[in-house]
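Chemist: Starting off with a structure, shown below.
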Protein chains: 2
Amino acid sequence: MKLQRHDAPDDDAPKQAIPHYKVIKRSISDAVKKGDLKAGDRIPSESELVAQFNVSRMTANRALRELQAAGIIVRHAGKGSFIAEPAPIGQLIEIRNIADEVRERGHVWRARVVGNDEERADAETAALLQVALGTRLFHSVIVHYEDDMPIQLEERFVLASIAPDYGQCDFTQTTPNEYLTRIAPLERVEHRVSAMMPDERTRALLALAEGEPALRMTRRTWSRGRLVSHAWLTHPGNRFELSAAFAIDDHC
Amino acid sequence: MKLQRHDAPDDDAPKQAIPHYKVIKRSISDAVKKGDLKAGDRIPSESELVAQFNVSRMTANRALRELQAAGIIVRHAGKGSFIAEPAPIGQLIEIRNIADEVRERGHVWRARVVGNDEERADAETAALLQVALGTRLFHSVIVHYEDDMPIQLEERFVLASIAPDYGQCDFTQTTPNEYLTRIAPLERVEHRVSAMMPDERTRALLALAEGEPALRMTRRTWSRGRLVSHAWLTHPGNRFELSAAFAIDDHC
DNA sequence: CAGTGGTCTAGACCACCAG
DNA sequence: TGGTGGTCTAGACCACTGT
């Protein structure tokens, strides 16, 4: 057995070691991030971790309990511990897929790809993505329909270096959001919402009546420490609402 | 000493007792909710809880550690454990005070109370608050200014039974939001955001140009199991944005 | 110095679940 | 029945804070 910070000075302990429970948490969390463990996969039981990491069961238990609290895993007495479904993240007004949302309402989602081209950053787009002029990027324009009614115009700029295949994606099958979260771990998201009068092109693509305002969400996402995507999501003001609800949890 | 579910059948244990760590958590959490403990107050140390609740130190430790994770308390080795500052709640697009927001931007907040009257629910307002016709409620209309520029028209309906003094409040000093969260514990919040063309009255109160759209947030709040407040927060589209940013935390 | 939280151990009993 | 998680104990060493 190994008494922490008490045993003979035989091992390579760097004095201020990382706590054992954190080592276990990281090892599992990292395996999820690297893709070695996917949703539904089984992870070692407490007693297996006891053997693997040479810790007491309470320490293994703490690691798994905290991973569960964080929503990384789910546990069931008598069955085991498993990687959880990816978090809805939904702290706020939908980071979710518009396709999923439409389907949840029991309707049919459809997308029309107006354009998806590789470009070089000009003055405007370089500023949006905070990159140098001439940086390679993709520029996609997609209209999303709910039962043949246009509900979102998505105009997006994506760093080509982080998503080299973006130009080849079939965005009538999967959304850019879906694709990006799959290939690049989402680190940070920023949303800004404003009301605006649509320009002529937007009006046409969204089949908006004259004088009808639009709701625009500007969404920026960061991955691997860099701003990788800038999107304008424009919705018809007369048939779209963003919504969010929160129950205050007292944690007891 | 007391070995859990192991000692002599002397006590009144109802077979499926609440875990000890939860009992401790609740006792502290409840004291906060009742106001017996306020932000900054010291709470018993682990060893004091060991004595008070007749548990082992690991159990007291777990209770306090989870309260800390939940943001209820803050702990410092060598000093003690203290009630935390009230959570910003800010999971989403500002549940915060518009007054605080304006001040954080370094500007001056000012409010003009256009009206604050007690009414009986008519067909429309009864539906908004999901109450019977004739229910007593307050109806306030307030314009919020940032440096003398109107940035929000707040039209709010509040259940009179839950906030009997609402009509006497001076909303040039404190916001209705502030008042309500003080007198009624917030249980649930719902936000809906949409773009709209303001009507004449709104245009005038917000000093909006013709053809300028507005961003409207509809906010409903629940307390003690009931819908207690319905508010329309209308912002000029050309000089207001809602925003939110999230860093994804990997919890390790 | 005594008190605090941070971490850990090597046991233990229990309820649950599958074969 | 054996494995799983859920909970608990009675110790322990450590680093940190204040007096």
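Chemist: Which value in deg cm²/dmol, rounded to the nearest 500, describes the helix-derived mean residue ellipticity at 222 nm for the protein assembly as shown, given -39,500 (n - 2.57) per DSSP H run of n ≥ 4 and division by the residue count?
Modeler: Counting only the DSSP helices, I get -7000 deg cm²/dmol.
Chemist: Hey, another quick one. Counting alpha carbon pairs within less than 8 Å and at least 6 residues apart, what relative contact order, in whole percent, applies to chain B?
Modeler: Result for chain B is 13 percent.
Chemist: With springs only between Cα atoms under 10 Å, which of A:Asp199, A:Asp100, A:Asp117 fluctuates most in a Gaussian network model of chain A?
Modeler: A:Asp199
Chemist: Using a basic spin-label model with each label point 7 Å from the Cα along Cα→Cβ, how many nm lie between A:Ala247 and B:Asp249?
Modeler: Inter-label distance under the simple model: 2.1 nm.
Chemist: Going through the cross-link list A:Lys22/B:Lys25; A:Lys25/B:Lys25; A:Lys25/B:Lys22; A:Lys33/B:Lys34, which pairs have a Cα-Cα distance over 31 Å in this structure?
Modeler: In this structure, A:Lys33/B:Lys34 lie more than 31 Å apart at Cα.
Chemist: Quick one: among B:Leu129, B:Leu242, B:Leu137, which has the greatest mean-square fluctuation in a GNM of chain B with alpha-carbon springs under 10 angstrom?
Modeler: It is B:Leu242.
Chemist: Helix A:20-34 sits at what angle to the longest principal axis of chain A, using alpha carbons and giving 0 to 90 degrees rounded to 10?
Modeler: Long axis of A:20-34 versus the principal axis of chain A: about 40 degrees.
Chemist: From the backbone phi of region B:157-166, what are the Karplus-calculated ³J(HN,Hα) couplings (6.51 cos²θ - 1.76 cosθ + 1.60, θ = phi - 60°) in whole Hz, Gly and Pro given as x?
Modeler: 10, 10, 4, 5, 5, 8, 9, x, 8, 3
Chemist: As a test question: what accessible area, to the nearest 10 Å², does B:Arg192 have when a 1.4 Å probe is rolled over all protein chains in place?
Modeler: 70
Chemist: Can you sort B:Arg120, B:Arg110 by 1.4 Å-probe accessible area, starting with the largest?
Modeler: B:Arg120, B:Arg110
Chemist: Modelling each spin label as a point 7 Å along the Cα-to-Cβ direction, I'd like the A:Ala204/A:Arg226 distance in nm, to one decimal.
Modeler: Taking the two extended label points, one gets 3.5 nm.
Chemist: Quote the relative contact order of region A:20-83 in percent (integer), defining contacts as alpha-carbon pairs under 8 Å separated by 6+ residues.
Modeler: 41
Chemist: Rank these by accessible area, largest first, 1.4 Å probe: B:Arg156, B:Arg220.
Modeler: Most to least solvent-accessible, the answer reads B:Arg220, B:Arg156.
Chemist: On to the next question. Viscosity 1.306 mPa s, temperature 10 °C: give me the Stokes-Einstein translational D for region A:154-252 in µm²/s, with Rh taken as the Kirkwood radius over C-alpha pairs.
Modeler: 102
Chemist: At 10 °C and a viscosity of 1.306 mPa s, what translational diffusion coefficient does Stokes-Einstein give for region B:98-236, taking Rh as the Kirkwood radius over Cα pairs? Give it in µm²/s as a whole number.
Modeler: Rounded, D is 102 µm²/s.
Chemist: Would you mind computing Rg(Cα) / (2.2 N^0.38 Å) for the protein assembly as shown, counting N as its residues?
Modeler: For the protein assembly as shown, the normalised Cα radius of gyration is 1.16.
Chemist: Kindly provide the GluC sites (Glu not before Pro) of region A:28-135 that DSSP labels as loop, not H, G, I, E or B, and whose Cβ sees at most 16 other Cβ atoms within 10 Å.
Modeler: Those that pass, being in a loop and sparsely packed, number zero.
Chemist: For B:Lys34 and A:Asp148, what is the calculated FRET efficiency with R₀ set at 51 Å and r taken between the beta-carbons, to the nearest 0.05?
Modeler: That gives a FRET efficiency of 0.40.
The values are calculated or read from the model by the stated rules, or taken from the named source; none is laboratory data. Being a predicted model, the structure only gives us computed values, none of them experimental. Counting neighbours? That spans all protein chains shown, and the Cβs are built from the backbone with ideal geometry, glycine included. Heads up: the accessible areas ignore ligands, DNA and RNA and are worked out on the full protein's heavy atoms, side chains in. Shrake-Rupley method; radii C 1.70, N 1.55, O 1.52, S 1.80 Å.
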